[in-house]
Amino acid sequence: MRLVVDMNLSPAWEPFLRDAGFEADHWSEVGAPDAPDEEVMDWAAREGAEVQSLLRPPFLLKYYAGLTGA
C-alpha cells in the first residue's frame, strides 16, 4: 500500500511506516508544503496512494496499537 503523509503530520512518520512495510512519502518531499488539500488528494489519486493526516488518524492509531500491542 502506498501512503502519502500530509503536512499536518511529522515527517518522522515516513520511516516508521516504511519500516512497517508501506511505501510512504511525506508530502514535503513530493509537493509544495502550502499546497491546497485538493492538490494533495489529486496527487494521491494519480499515484494510487492513500493520504494519512490528522484528519484521518484511525489507520495510524490502529496500526501503531497493533505494532506495540497496546
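Any read-out appearing in this document is the output of simple, stated calculations on the displayed coordinates, not a laboratory observation. This one's a predicted model, so the numbers in the text were calculated from it and none came from an experiment. Positions of Cβ are backbone-derived with ideal geometry, glycine not excepted, and every protein chain shown enters the neighbour counts.
What are the residues whose amide H is under 5 Å from the amide H of VAL51, where those residues sit 5 or more places off or on another chain and H is modelled from the backbone?
VAL4
Once both labels are modelled 7 Å past Cα along the beta-carbon direction, what's the LEU54-ALA32 spacing in nm?
So the two model labels end up 2.2 nm from each other.
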